[in-house]
1. From the list Phe145, Phe126, which one is assigned to a strand (DSSP E or B) and touching a Gly at 6+ places or on another chain (Cβ under 6 Å)?
2. Would you say Glu135 is part of a strand (DSSP E or B) and touching a residue at least 24 places away in the same chain (Cβ under 8 Å)?
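Each reported figure results from applying straightforward, stated rules to the coordinates on display, with no laboratory input. Because the structure is predicted, anything quoted here is derived from the model rather than measured. Reconstructed Cβ throughout: ideal geometry from the backbone, glycine too, with neighbour counts over all protein chains shown.
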Amino acid sequence: MEQSTGPSSIPPLQGAAADPAFVPGITGPRPEAAVEPAGPAVSDVADDGAVDVAEDAADEVAVDVAEAAEDAADEVAVDVAEVAEEEAVEDAVPDGPVFEAADRRARIVADGEGVRLSLDEESCDFRWDEIGAVETAAGRFGKRFTVTVHTPDRRWYPIEIDAPARGRITEWESQLDAVLDAYFDENA
């Protein structure tokens, strides 16, 4: 079998291979200089009366736009005040103990409202009346702290958090015990 070598064996580039904007059957845009206006110039048509009417209409539109902008600004100011008030209520410091532990992926928060578990983008919240039991476990050889929330309907939700040091796990257990003693009612 023979192979041909040299420039004669390469076919010429056509279409999209040479021009990424190439679409078969569509012509390119015309140069700007070749485009002429289709009708007479606006200055040839307008007279003094039309100019006055146009100026009056522009003034009325400007007044309407200013009034609408003021109304919108008032509404936004009221909305901002309401949002700031809600955030102040949410950011209020709880009266009792709070437990919080997190690593790069998982997080657990236990406070007066209940227990919140989150892993990556998923999260679940449990009020204290929805919790049947809270179980903790430390990894035997590692730095993994496991918290499992049990519900009265026999479901459980575990979360594992990697501790920065083994001694941190005992600190977390004592903090979580303080929160459970303060908020969790076993007889509920």
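1. Within the list Phe145, Phe126, the selection yields Phe126.
2. The answer is no for Glu135.
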